[in-house]
1. Suppose we filter the stretch 287-309 for residues that are more than 23 Å from C58 (Cβ to Cβ) and among the small types (G, A, S); how many remain?
2. Tell me, yes or no, whether the stretch 46-56 has at least one residue that is within 29 Å of R244 (Cβ to Cβ), in contact (Cβ under 8 Å) with a residue 60 or more places away in the chain and among the hydroxyl-bearing types (S, T, Y).
3. Test C158 against the stated conditions and say whether it is modelled with pLDDT of 95 or more, buried (at least 21 other Cβ atoms within 10 Å of the Cβ) and over 17 Å from Q27 (Cβ atoms).
4. Looking only at the stretch 86-121, filter to residues that are touching a residue at least 24 places away in the same chain (Cβ under 8 Å) and among the small types (G, A, S); which one of those is nearest to G32 (Cα to Cα)?
5. Does Q113 qualify as being of a type in the set (S, T, N, Q) and buried (at least 24 other Cβ atoms within 10 Å of the Cβ)?
6. Within the stretch 36-67, work out how many residues are surrounded by fewer than 17 Cβ atoms within 10 Å (Cβ to Cβ), over 18 Å from the mean Cα position of the chain (by Cα) and under 30 Å from L323 (Cβ atoms).
7. Output the residues belonging to the stretch 22-57 that are in contact with a helix residue (DSSP H, G or I) (Cβ under 8 Å, 6 or more places away or on another chain) and in a loop (DSSP other than H, G, I, E, B).
8. Consider the stretch 166-186. How many of its residues are surrounded by 16 or more Cβ atoms within 10 Å (Cβ to Cβ) and modelled with pLDDT of 95 or more?
Amino acid sequence: MNREIGSEFWQIDLGNEKKMALNKSHQYRLSGRTALDFIIKDIGAFKKFSSVYIPSYCCHTMIQPFLENGIDIEFYDVTFDGEKYAYKINFDTNCDVILIMQYFGYYNPIVEQAVHRLKSKGKIIIEDATHSWFSDNPYSDSSDYIFASFRKWTGLACGAIIIKQTGDFLIQGDRNYFNLNYIEMRERAYVLKRHYIEKGIGEKNTFLELFNKAENLLERDYKNYEIPQCYIDYIELLDTKKIREKRKENAKILVKELKRIKEIKTLDLCEKDVPLFVPVIISNGMRDKLRQYLVSKRVYCPVHWPLSNAHAIDNKYIYDNCLSLVCDQRYENVDMFHIVDLIKNFYRGVI
């Protein structure tokens, strides 16, 4: 068995009965950006718009579908004020469409307030609920469209949901149109990683190259795809209890222990939060060095997000200093204490 923490999943966390039932118009798509592209086209079917107002702190995959649909991007600042993420929104923006999100599964009431205020001004709200999907407050009931990608939560090769809060979708995707090359590539990578992790069989680079090849394919070819019925079934059968409880338990350990390290800033957890990761701000420009140290100890914590050429922003503080600590359901309490011990050792100079 090869023991490591983080990086890609290798199995799906399934329960014994369907847990998700929606009474609103919804569809499943290949990925988050596939879902966002579909939403843009659905809005365009009833309202022409030329610009969108989106958070400065976001993945390039949230920017890409707008640009490829000829939509101009205007950013509003999202910053870290020492206790929470702060949204600096110009409520008088000329943009007709607004994209908004919670971060990492930590509920921020400012988002709900902003949605209501923007709606009162006639704006169309798209909410990315990927990070908050398993929390008690996953999205605002006032948002017009919600989408969420499930690949970040468990070992699904594909799958994102789109919800339209009022009325039916005005456009329809191509039925039974799947990106099987992408799906099968990720499925194969999961199998190889599972063999590597659980049985010590194979070479790590083999499945890493497959994951990378799949993501490169998705960059080029993501539009209009649905997902096979088996993946809809997987999503509806996810073991939400396990996902929620284990993540909350693990995150509580990390937050409690890391508050004792003065060089690290964390967010307070509420009981209703279900973290995707535990985001921490690393002081004094040490984020990359700490991350590399953890990698050397086989702990793989991502950075959200790599900056792209599309990020036309000035304030890059979060991008430069935030590290996302792994807290997911693959791991036990002992693994969280191991991460904490490694971070403490890093600051003690115990390399």
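1. Here the count works out to 1.
2. Going residue by residue through the stretch 46-56, those that are within 29 Å of R244 (Cβ to Cβ) are 54-55.
From what is left, the residues that are in contact (Cβ under 8 Å) with a residue 60 or more places away in the chain are none.
No - not one qualifying residue is present in the stretch 46-56.
3. Criteria not met by C158.
4. That would be G105.
5. Numbers: of a type in the set (S, T, N, Q): yes; buried (at least 24 other Cβ atoms within 10 Å of the Cβ): no.
So Q113 fails the test.
6. Residues flagged as surrounded by fewer than 17 Cβ atoms within 10 Å (Cβ to Cβ), over 18 Å from the mean Cα position of the chain (by Cα) and under 30 Å from L323 (Cβ atoms) within the stretch 36-67 amount to 1.
7. If the condition is that a residue be in contact with a helix residue (DSSP H, G or I) (Cβ under 8 Å, 6 or more places away or on another chain) and in a loop (DSSP other than H, G, I, E, B), then L30, S31, F49, Y57 are the ones that fit.
8. Looking only at that region, the number is 7.
The values are calculated or read from the model by the stated rules, or taken from the named source; none is laboratory data. As the structure is a prediction and not an experimental result, all values here were calculated from the model. Glycine gets a Cβ as well: all are built from the backbone with ideal geometry, and neighbour counts include every protein chain shown.
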